[in-house]
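One structure is given here, and the rest of the page talks about it.
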């Protein structure tokens with residue numbers, strides 16, 4: 001299966017491309033975003049964005065890793081991604097600060113999760129949220145994800161250990177409860 005293009009009411013989710021480099025780099029090279037991630041260095045350089053996009057284009061050729069640009073009015077403003085690891089599906093995402101607090105991230109994650117469930121039969125999905133990342137915590141809770149545990153992991157941006165909260169959602173249980 002090819003990497004999808006998903007359309008929601010206000011957004012288009014489509015495979016990232018090297019041509020997105022400038023816009024995604026400008027949006028992502030913001031401490032308020034990078035500080036909430038674990039694998040990104042700080043400062044975040046253009047070469048880091050190029051490397052990410054080149055790797056993403058390869059990952060998107062698989063059937064177990066999808067890295068999509070979130071487009072608003074035809075412009076890439078963030079990323080939503082899911083991958084399968086050790087038999088579990090994982091979710092991650094970020095959105096440029098200029099597009100916060102208007103519901104885009106919720107719309108993107110909901111559309112993407114619905115696609116994963118419908119096309120790949122994903123029953124449960126997992127995510128990590130760095131402690132203190134209240135917007136992401138609230139987003140997952142609003143989508144009926146529930147806390148399943150904690151861990152300590154290394155943050156490249158902070159160059160120290162940070163705590164994370166693990167979340168999961170079970171689509172079958174959620175569907176039966178609706």
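The values are calculated or read from the model by the stated rules, or taken from the named source; none is laboratory data. Bear in mind that the values here come from a model prediction, so they are computed numbers and not experimental data. So basically every Cβ, Gly included, is an ideal-geometry build from the backbone, and we count neighbours across all protein chains shown.
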Quick one: which residue in 149, 111 is at pLDDT 95 or above, assigned to a helix (DSSP H, G or I) and in contact with a strand residue (DSSP E or B) (Cβ under 7 Å, 6 or more places away or on another chain)?
111
Check on residue 80, touching a residue at least 40 places away in the same chain (Cβ under 8 Å), touching a strand residue (DSSP E or B) at 6+ places or on another chain (Cβ under 7 Å), part of a loop (DSSP other than H, G, I, E, B) and closer than 27 Å to residue 10 by Cβ:
no
Farther than 19 Å from residue 108 by Cβ and modelled with pLDDT under 90: is that true of residue 47 in this structure?
no
Give 167, 146 a once-over and let me know the one that is free of Cβ contacts under 8 Å to residues at least 40 places away in the same chain and farther than 18 Å from residue 67 by Cβ.
146
Condition first: in contact (Cβ under 8 Å) with a residue 40 or more places away in the chain, buried (at least 16 other Cβ atoms within 10 Å of the Cβ) and in a helix (DSSP H, G or I). Now tell me which residues in region 47-77 satisfy that.
56
I want to confirm something. Restricting to region 7-20 and keeping residues that are under 17 Å from the mean Cα position of the chain (by Cα) and under 12 Å from residue 52 (Cα atoms), which single residue is surrounded by the most Cβ atoms within 10 Å (Cβ to Cβ)?
16
Return the total of residues in region 114-132 being surrounded by fewer than 17 Cβ atoms within 10 Å (Cβ to Cβ) and out of contact with any strand residue (DSSP E or B) (no Cβ under 6 Å at 6 or more places or on another chain).
7
In region 21-43, the residues that are under 21 Å from residue 136 (Cα atoms), at pLDDT below 85 and either in a strand (DSSP E or B) or more than 16 Å from the chain's Cα centre (by Cα) (or both):
41, 42
